[in-house]
């Protein structure tokens, strides 16, 4: 069978954590989070019914009101009502390439690229890339993120040319640039095979399991429904 790869979601917190949909459920002091659909030991109004788009599943760390600056949860400790969660912030790298030049992204230590944001256009009048005759600073190519992800997501390195030929021209006469925010992450490589003889078909450098244990902060143990071989690369 051929290997396939996927990027584990919810590895870290971006911004105030409102978009986080990971499975971390432990606070900064090691307390277990209370389920959002439970009123014990702490009664509260942040229920899945009251906030259906906030991802209030199980007892996972969330920021449902978006007014807080960090992921949090109610705790199962009757004395401690709530605490911030133990989820690391996303340390993002940024690459910029002026129009006509190439952005080169790379990761070391056998990690791969996770593209978080990208824009080909112009959002700053003071950016060092040539501004042109039009001083528009709300210039964005709608396909920026999808183009960069198609070229880079899951790779250890990639190059993307900042040009109208690649992204289209979102604002005629404006000196544009490509800006990419990304993170280098660990990837799980999974070999899946149906039927008997799975162990014999596993690469010698991996191990057979129906339970993959993640060492990445904020990512819970992953139960997998097929006989597999797992290898963290």
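The values are calculated or read from the model by the stated rules, or taken from the named source; none is laboratory data. A quick note: this is a predicted structure, and the numbers were derived from the prediction, not measured. Note that each Cβ is placed from the backbone with ideal geometry, even for glycine, and that neighbours are counted across all protein chains shown.
A compact table of results
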{"read-out": "Among the candidates 137, 102, residue that is surrounded by fewer than 18 Cβ atoms within 10 Å (Cβ to Cβ), modelled with pLDDT under 95 and on the phi < 0 side of the Ramachandran plot", "value": "137"}
{"read-out": "Residues of region 154-184 that turn out to be surrounded by 15 or more Cβ atoms within 10 Å (Cβ to Cβ) and either assigned to a loop (DSSP other than H, G, I, E, B) or at pLDDT below 90 (or both), as a count", "value": "14"}
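Here's the yes/no breakdown for (1) in contact (Cβ under 8 Å) with a residue 12 or more places away in the chain; (2) in a loop (DSSP other than H, G, I, E, B); (3) under 17 Å from residue 80 (Cα atoms); (4) in the same structural domain as residue 112 (by TED's automatic domain parsing):
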{"residue": "19", "(1), (2), (3), (4)": "no, yes, no, no"}
{"residue": "22", "(1), (2), (3), (4)": "yes, yes, no, no"}
{"residue": "35", "(1), (2), (3), (4)": "yes, yes, yes, no"}
{"residue": "39", "(1), (2), (3), (4)": "no, yes, yes, no"}
{"residue": "43", "(1), (2), (3), (4)": "no, yes, yes, no"}
{"residue": "46", "(1), (2), (3), (4)": "yes, yes, yes, no"}
{"residue": "49", "(1), (2), (3), (4)": "no, yes, no, no"}
{"residue": "56", "(1), (2), (3), (4)": "yes, yes, no, no"}
